[in-house]
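This report refers to the structure that appears directly beneath it.
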Amino acid sequence: MAGAAESSERGRSPEIRKDVIFNRWIIFSPARSRRPTDFKSKSSNDNSNPNPSSSYSSSCPFCMGNEHLCAPEIFRVPTPDASSSTSDWKVRVIENLFPALAHIRDNQQIENPNPSNSAPTVACAIQGLGFHNVVIETPDHAVRLSDLSPPEIGEVILAHGKRILQIAEDRLMKYVQVFKNHGASAGASLSHSHSQIMGLPFIPPTVSARLDSMKDYFGATGECGLCAIRSEELLIDESAHFFSIVPYAASFPFEIWIVPRTHYSHFHELDDEKAVDLGRLLKVMLMKLSRQLNDPPFNFMIHTSPFPVTDYQLSYSHWFLQIIPQLTGIGGFELGSGSYINPVFPEDAAKVLREVNVPT
Ligand code: AMP
Ligand code: ZN
Ligand code: ZN
């Protein structure tokens, strides 16, 4: 019989279990329930910063001056020199104090490095190892991502890319998910502007489904499905290196994709110039959503390619950034079917977003 110490230890350690019915991997992480929240309830007015006029909150771990409240720093921007003080930074990439996955330590023995090769069983599990980091996008408590200048947003984007490259060096890692939660009903627990990076030892099902679908399209047409987009009706805006659209079959009302004009498979290949250009277009899209939809909670996700990839996989996979304003909740139909009902036609949403002008 397992002793109390063993069962409480099992309760603490993250584990990734395979659901053999739906063919997907689920992360079990008890530590997640202990994370703090400064959103008391998910009210309809949960979208904005609760204290927007104050640049500093003594209880916020992400504020400049409160670095000691945070989990260890991985790197900061700008890179510090000998004269830098603890609080001398614009962007910080830190460990998550309540990681969904246990961080991989140097020289750690991994018992089951390839989940795909595990023997079929209803109790299939691997160690819950990976990376879970936080990117603090500004030292200022009152500043939102869309308040930053395009070069400043570019620095945040480059920090995402740099960290992906570091995580990709670990042979266990299969995919890195970058995402941002803004507002409590978009999943945020802290209001200070931040995004997150998770390094995963498996390829998530939506990534596999996306890549399979892009592969099928490429096989049938000889063209990448994102390079093939030419619709004027769905276009919102464009820049030197990117265009933004409401996708033809958007799952959510006012969903936006920002897509590189040139075929690139991996987000982390982005150079400085393209990062600033993306920063400008992302800022414009967030401001348009805010202006037209009354500052909604939102998520953004970077959809990139797994690693390693073959040359053939590179030919059909094209990275993009997806923004989803949280306007309607996810209900039983969506949870049960994995399908979505979108009440707004993409052409109409694109027109609403295209026609509003925002200052940059
Ligand atoms: P979100 O829940 O999307 O607002 O993301 C905030 C993240 O910050 C959560 O994943 C928390 O686990 C994490 N977090 C909370 N407090 C700290 C802290 N002091 N240091 C590092 N990460 C933290
Ligand atoms: Zn703060
Ligand atoms: Zn392409």
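In the chain, Cα pairs under 8 Å separated by at least six residues give a relative contact order of 18 percent. The packing ranking of peptides 252-260, 80-88, highest mean first, is 252-260, 80-88, where packing means the average number of other beta carbon atoms within 10 angstrom of each residue.
Based on C-alpha pairs under 8 angstrom that are at least 6 apart in sequence, the range 279-324 has a relative contact order of 39 percent.
Charging the Cβ of each Asp and Glu at -1 and of each Lys and Arg at +1, and nothing else, the dipole of the chain about its Cα centre rounds to 780 debye.
The calculated Kirkwood hydrodynamic radius for the chain is 21.8 Å, given to one decimal from all distinct C-alpha pairs. The mean sequence distance of close C-alpha pairs (under 8 Å, at least 6 residues apart), as a share of the length of the range 177-315, puts its relative contact order at 31 percent.
Net length available on complete extension from Cys124 to Ile26 is 34.2 nm, with 0.36 nm assigned per residue and the Cα-Cα distance removed. Fewest-first ordering of Ile74, Ile26, Ile197, Ile245 by other beta carbons within 10 Å of each residue's beta carbon gives Ile26, Ile74, Ile197, Ile245. By the count of other C-beta atoms within 10 Å, a proxy for reagent exposure, Glu232, Glu95 are ordered fewest to most as Glu232, Glu95.
Counting every other Cβ atom within 10 Å of each residue's Cβ, Lys174, Lys90, Lys351 order from fewest to most as Lys351, Lys90, Lys174. The aspartates and glutamates within cross-link reach of Lys162, meaning a Cα-to-Cα straight distance under 12 Å and a gap of 8 or more places when in the same chain, are Glu269, Asp271, Asp272.
Going down the table (Lys174/Lys215; Lys215/Lys351; Lys180/Lys215; Lys174/Lys351; Lys174/Lys288; Lys90/Lys288), which pairs top 29 Å between alpha carbons? Result: Lys215/Lys351; Lys174/Lys351; Lys174/Lys288 exceed 29 Å. Extension gain for Thr221-Glu73 works out to 48.6 nm (0.36 nm per residue, less the C-alpha to C-alpha distance). Taking a straight Cα-Cα cut-off under 20 Å and skipping sequence neighbours fewer than 8 places away in the same chain, the aspartates and glutamates within cross-link reach of Lys274 are Glu137, Asp147, Glu152, Glu155, Asp237, Glu238.
Bear in mind that the values in this text are calculations on the coordinates, not laboratory data. Given the structure is predicted, the values throughout are model-derived calculations rather than measurements. Every residue, glycine among them, receives a Cβ derived from its backbone with ideal geometry; neighbour counts consider all protein chains shown.
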